[in-house]
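Worksheet: the structure to be examined is printed underneath.
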Amino acid sequence: MRFNQLALPVLALSVDYVAATYETNGGSCPAEPVVSSASSTTVSSVRPLIPSYTPSSSPVVLDVDLVVIGGGSGGIHAAIQLKDAGAKVIVIEKKKQIGGHAETYYAPSGVPINAGVVIFENSTVVSSYFSRLNVNSTFFNPATDVPPGTPATTQYDFSLGFPIPAQNASATQAQNLAIAAAAQSYAINILAKYPWIDAGFLVPDPVPAELLLPFAELAKKYSFEPLLPVIAQYNWFTGDISTIPALYGVKGLGPALLGSIFGKFIIPSSGDTRTLYQAAAKELGDSIMLESTIVSVRRTVKTGKTTTGVTVLVSQPGQAPKLIRAKKLLVAIPQTMKNIGTFDISGDERDIFSKFTALGYWAGVVAVPGLTNSILNVGAQTPYNQPVIPGPNGIQASSAPGYFTTSVGFNDLNYTEESSQAVIRSDLARLAAVGGVPPGSAQAATFPFSSDHGPFNLRVSANDIKKGFYKKLLALQGKRNTYWCGAAFTGHNSGLVWNFNVGTVVPGLKKDLGL
């Protein structure tokens, strides 16, 4: 798997939480502590759409085939594919680096700590992309490939400061059998019925009524309830896994991810997820425009008697403005009205994109002196033992002693870096009171890396799904010289994002560009 945000990989066949720590092999790391993140040590902020130049400035004109807005997983993958097909491409990225949620903090020892994307599902599109970028990879499962001597993970309800007793061998065996049976039922009743799950939201019309049910009801119908905690943890943060529309639940467990959970995932051999995007940056070179602010987007500019094109006006610190003239546009940023509302949005586009709601997601690295083991957050009184929200999935030990990855889920976007870190400090205080972490951990903890990954999981209501939302969304592809990609079209899983590019976006662009 590697769906966009594996905050805390867990063991699918046991209740025990297994830390995904391992030794890197062959990765080069800086000698001093470095944060490889667009937001450095602060939550990423949305750049104001204000040009950094005076109105009298003359823009530099750049003519290309395709302009891509967003240098994350989907945008960079598509840019590589179109470049290989012979297109001249420019990628516009607001941050200081490409890669989206693939962020790495380098500990003082030089060990890379992946704070966003951790692992990738084992699929053809993933392995092909690694091969294309000449990035060495290896197979890995965080549940089973645990280095000898790794301290045992403990389990607590962080909100209550309540320890969750470890299961005995017979209980673990029974749970493993239940999960295996649930997986078999899921494969027969869901995966066989909906073969498009890994290809995008290619929902049938009319939408099957069972995909509109709360996900727990579908799970009960087909006896795969034991899989729900697995789906929730490998897709952290999903919102309440029991109540989300079943469509979103099944999109969180396609055949490639299910096979990886019971087999192996793909990771860079370096142990550093950034390796993939460093290779992509080298391939694209000056075609990437970092720290860019979009001033205007026009998508039906007349270029001939019967043809139109796209213009994007961009500013960068200390540089002359750039006017990019392109035949086609690919929008690869989260398609919220906050992000795209200043584009020349049509009425149909506004009607569609304004229906999206989003969850909040903060990711960070926390240093906790004296703590050596991972801690899993298990809801003692919640459906399917989900963590109480706002709250983290756990505190996961890294390969750098004393440094832990963590992430906090929110049911809305009303949070800040300070409030996110306050959640972790409050949890550490409750854990310290019951001996779960060293005394004083809440006060001693520091956060050398912090990043906002919201808006996360753009979704619509079951009623909107029923009314054909995804049919309307997919129908936007190619209209007004524009294509769209990213997690809103697939789910937060890099493999699925790339599948959608390969199956829908790239063929459409190649056809329109005459490639």
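Compute the accessible area per residue over segment 182-311, keeping the other protein chains in place, probe 1.4 Å, unit Å².
Heavy-atom accessible area per residue stands at 37 Å².
Top to bottom by accessible area (1.4 Å), largest first, where do 220, 322 land?
Descending order: 220, 322.
Rounded to the nearest 10 Å², what accessible area does residue 137 have for a 1.4 Å probe in the complete protein model?
Approximately 60 Å² for this residue.
With helices defined as uninterrupted DSSP H runs, which ones in the chain have an alpha carbon span along their own long axis of at least 27 Å and mean Kyte-Doolittle hydropathy of at least -1.0?
Sorted by number, there is nothing, because no helix extends far enough and scores high enough.
Counting only other residues whose beta carbon sits under 11 Å from that of residue 280, what net charge do I get with K and R as +1, D and E as -1? Write out the running numbers ahead of the final one.
Working: positive: 83, 132, 274, 282; negative: 283.
For residues surrounding residue 280, the net value is +3.
Simple spin-label model, 7 Å along Cα-to-Cβ: residue 96 to residue 350 in nm?
Going by the 7 Å Cα→Cβ label model, 3.7 nm.
Please give the per residue accessible area of segment 359-515, computed with a probe of 1.4 Å over protein heavy atoms only, in Å².
For segment 359-515, the solvent-accessible area averages 34 Å² per residue.
Within the chain, what whole-number % of the accessible surface is contributed by carbon and sulfur, with the 1.4 Å probe and all protein chains included in the calculation?
About 55 percent, which is the carbon plus sulfur part of the accessible surface.
Taking the Cβ of residue 416 as the center, what net charge do the other residues with Cβ under 15 Å away carry, scoring Lys and Arg +1 and Asp and Glu -1?
Once all neighbours under 15 Å are counted, the net charge is -3.
How much length is gained on full extension from residue 411 to residue 167, taking 0.36 nm per residue of separation minus their Cα-Cα distance?
My answer for the length gained is 84.8 nm.
How much accessible area does residue 132 have with a 1.4 Å probe, in Å² rounded to the nearest 10?
Counting only protein heavy atoms, residue 132 exposes about 70 Å² to solvent.
Taking 0.36 nm per residue of sequence separation and subtracting the Cα-Cα distance, how much length would be gained by fully extending the chain between residue 512 and residue 150, in nm to one decimal?
Length gained, residue 512 through residue 150: 125.0 nm.
Net charge within 9 Å of residue 88 by Cβ-Cβ distance, Lys/Arg positive one each and Asp/Glu negative one each, not counting residue 88 itself?
Taking every other residue near residue 88 into account, the sum is -1.
The values are calculated or read from the model by the stated rules, or taken from the named source; none is laboratory data. Note that this is a predicted model, so its numbers are computed, not measured. Neighbour counts run over all protein chains shown; Cβ positions are idealised from the backbone, glycine included. Surface accessibility is based on the protein's heavy atoms, side chains included, excluding ligands, DNA and RNA. Shrake-Rupley method; radii C 1.70, N 1.55, O 1.52, S 1.80 Å.
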